[in-house]
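Working notes for the structure below.
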Ligand SMILES: Nc1ncnc2c1ncn2[C@@H]1O[C@H](COP(=O)(O)OP(=O)(O)OP(=O)(O)O)[C@@H](O)[C@H]1O
Ligand SMILES: [Mg+2]
């Protein structure tokens, strides 16, 4: 059975998509069969993997509406072992359509159930909101991985996120656990990054990945080339850090 990890934080721009793309690609590089699900209408995971989101049909939107099957929604990325359920701006409308649906919290889960056995890891990129799409990610997932940007307001909103995870666990998905947090955009030249890491460690009673993702220009450039970091610049500090994170994630499988 594949392990399903939702990458969530309702704060915008903290590195969710960068982590979804590059963790998935590094898991695939390690030989794991990976499916990445883009659950954000911004479609940044889709375009970051070099797929033209605007011409795509059979995206997560059609899947949610029941207009295609889950297998039809799974697309090749051109990267070995890495498949994608893409997204685009149409998904923004699905939120409203979901509200009227019965079992609206489980639409994605009920579809992914059919293919979970085909993959070793399923990574879900969430939108920057605690909306019905994020709830669908959390009912589908086994664990939630929370990227935290090393900046002054890092802790803001985290208690709300943890509260939501606890609520979903209580009411909708009793097996859901908080996988842990991963620090992103760490800048070794500033004291602030270090202070944020220390502050979160002192205030958050949760697993923290040993791997810290540095601020690295190559990570910011890679999406415009439609490539994950390991293919764009495999020797960069960003590539090395996401490989280490993938290794840690694989090792945690036993937990
Ligand atoms: N480690 C990093 N080093 C340098 N730039 C980074 C790093 N991680 C992310 N970025 C850049 O920061 C911006 C925000 O990152 P990203 O899109 O991954 O965040 P997000 O949480 O998915 O955002 P949103 O909430 O809008 O979905 C992007 O321009 C990305 O290229
Ligand atoms: Mg994103």
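Each reported figure results from applying straightforward, stated rules to the coordinates on display, with no laboratory input. Bear in mind that the values here come from a model prediction, so they are computed numbers and not experimental data. In this analysis, Cβ positions are derived from the backbone assuming ideal geometry, glycine residues included, and neighbour counts consider all displayed protein chains.
Size of the stretch 171-211 along its principal axes in angstrom, Cα-based, largest extent first?
Rounded to whole Å, the extents work out to 43, 18, 15 Å.
Two decimals, Cα atoms only, Kirkwood Rh: what is Rg/Rh over the stretch 196-255?
1.06
Find how many whole Å separate the alpha carbon centroid of the stretch 1-71 from the alpha carbon centroid of the stretch 125-178.
Cα centres, the stretch 125-178 to the stretch 1-71: 16 Å.
Can you tell me the equivalent ellipsoid semi-axes for the stretch 98-187? Use √(5λ) from the Cα gyration tensor, largest first, whole Å.
Three semi-axes, in Å: 25, 16, 12.
Springs between alpha-carbon atoms under 10 Å, Gaussian network over the chain: tell me which of 145, 84, 192 tops the mean-square fluctuations.
192
Nearest 5 is fine: what % of DSSP beta bridges in the chain come out antiparallel, could you say?
5
P(r) for the chain: what percent of alpha-carbon pairs falls in each 10 Å bin, starting at zero?
Reading the bins upward from 0: 7, 34, 38, 18, 2, 0.
Given the convex hull over the Cα atoms of the stretch 71-124, what projected area results after averaging over all orientations, in nm²?
Mean projected area for the stretch 71-124: 4.5 nm², to one decimal.
Quick one: compute a quarter of the convex hull surface over the Cα atoms of the stretch 149-255 and quote it in nm².
With the hull built on Cα positions only, its mean projection is 8.1 nm².
Where does the stretch 1-72 land on Rg(C-alpha)/(2.2 N^0.38 Å)?
Dividing the Cα Rg of the stretch 1-72 by 2.2 N^0.38 Å gives 1.16.
Evaluated at 25 °C with a viscosity of 0.890 mPa s, what Stokes-Einstein diffusion coefficient in µm²/s does the stretch 40-87 have when Rh comes from the Kirkwood expression over alpha-carbon pairs?
It diffuses with D of about 229 µm²/s by this estimate.
Once the mean 1/r over all distinct Cα pairs of the stretch 35-128 is inverted, what Kirkwood radius in angstroms do you read off?
13.3
Can you put 11, 210, 33, 201 in order of Cβ neighbours within 10 angstrom, beginning with the fewest?
210, 201, 33, 11
Ignoring everything except DSSP H segments at least 4 long, calculate the 222 nm mean residue ellipticity for the chain; use -39,500 (n - 2.57) per segment, divide by total residues, nearest 500.
-11500 deg cm²/dmol
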